[in-house]
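Heads up: the structure comes next, in structure tokens.
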Amino acid sequence: MGGLARYLIIRALVIIPSILILYTLVFIILRILPGDPILAVLGTKNIPPDQLENLRRMAGLDKPLYVQYFEYLFNVLRGDFGVTITFPSGVPISTYIAQRFPATLELAISGFIVSIVIGLGTGTLAAIRKGTKTDAALKFYSIAAYVTFIPLLGMVLQYVFGVYLKWLPIAQRIDPGLAPRTITGLYVLDSVLTGNWAALKSSILHLILPSLTLGIVLSGAYTRLLRNNMVEVLSSDFIRNYYSRGIRERKIYWYALKNAFLPVVTYMGLQFAILLGGMVLTESTFSWPGMGTFIVERLEYRDYTSIQAAIIFFAFIVGLISLIVDALYALLDPRIRY
């Protein structure tokens, strides 16, 4: 077995205890938080105690905590995420995940692309113009973007481009009645696959503002990281050697960018986890029907099983992305040995 394969298997095994720890923390926190899921969904406390107890028994909340903990854990290991315990009760949570995750994935991919494009452009420009006003302005941008509150930026963009200029929609994934036939659940891709150009135009227009919001906030870290890496590479011996050999400056910048980009690849895996966290705020701001809004809805109802399932699912996705990034890093840099 190759070194990389062995390393990836070990990394995959490490994901299991990580998810287990996260599940345990979420389980404890949900039980500590005030509020009863049954009362939350009924919206009143004026119900007979025997009826309340019956509802709690049907939801499995009458069992001891350790029984609830292990029972749900074993069900998840069998691929069963359980059912919703609040309104609408009894619906498999895997159904919600299958419906909502494509929306989240589509927004995550587009937001990620926007952040990379902006981060590469600003980071490279800041490194090339090191010490100038452009460099100072882009360093300020990187800090400002990083600390920007997503809902605030989202509302500003909604007002400017949606309300004032009326160029772009400010909520939802697509105009009513235009949803393409579901193949992958990604509206842009499904629109292309089915030749539904009206749906393609609508879905892209709906993606622009939330993607831009997410991308701008995430780009701050890339700008800073790439700028610092590229400044270091540009001052290295092999770059000075390129200059002495008379290689064109544009080509030298390209070599420097390739070398400076490697540490950024590693950071992408970590950034994707942050991106999924930012999805909750972005989806709530733009009424985007994805996993983020699903978690917020379920929190209002204290729907323990739905929240646990969503968190475990997110943790698995983040672990998977980290594995892919590790493999990608090794492929990009042949010097790396595991």
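The values are calculated or read from the model by the stated rules, or taken from the named source; none is laboratory data. The shown structure was predicted, so the numbers you read here are calculated from the model rather than taken from an experiment. A quick note on method: Cβ atoms are made from the backbone with ideal geometry, for glycine too, and the neighbour counts reach across all protein chains shown. Surface areas here come from the heavy atoms of the whole protein model, side chains and all, with no ligands, DNA or RNA. Shrake-Rupley method; radii C 1.70, N 1.55, O 1.52, S 1.80 Å.
Computed values, structure above
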item: Matching residues in region 240-267 - criterion: being at pLDDT 75 or above and among the hydroxyl-bearing types (Ser, Thr, Tyr); result: TYR242, TYR243, SER244, TYR253, TYR255
item: Residue count, region 240-256 (criterion: open to solvent by less than 60 Å² (accessible area, probe 1.4 Å), out of contact with any helix residue (DSSP H, G or I) (no Cβ under 6 Å at 6 or more places or on another chain) and assigned to a helix (DSSP H, G or I)); result: 1
item: Single unsatisfied condition, ARG298 versus (1) modelled with pLDDT under 80; (2) part of a helix (DSSP H, G or I); (3) basic (Lys, Arg); result: (1)
item: When residues of region 161-185 are limited to those that are closer than 17 Å to THR282 by Cβ and aliphatic (A, V, I, L, M), the one most open to solvent (accessible area, probe 1.4 Å); result: ILE170
item: Top-ranked residue in region 69-120 [being among the aromatic types (Phe, Trp, Tyr) and open to solvent by 60 Å² or more (accessible area, probe 1.4 Å); ranked as modelled with the lowest pLDDT]; result: PHE87
item: Answer residue from region 275-304, given it is small (Gly, Ala, Ser) and under 16 Å from PRO102 (Cβ atoms) and is farthest from the chain's Cα centre (by Cα) among those; result: GLY290
item: For LEU205: the one exception among (1) open to solvent by less than 20 Å² (accessible area, probe 1.4 Å); (2) under 16 Å from GLY111 (Cα atoms); result: (1)
item: Flag for LEU270 being surrounded by fewer than 20 Cβ atoms within 10 Å (Cβ to Cβ), farther than 24 Å from ILE85 by Cα, under 16 Å from the mean Cα position of the chain (by Cα) and modelled with pLDDT of 80 or more; result: no
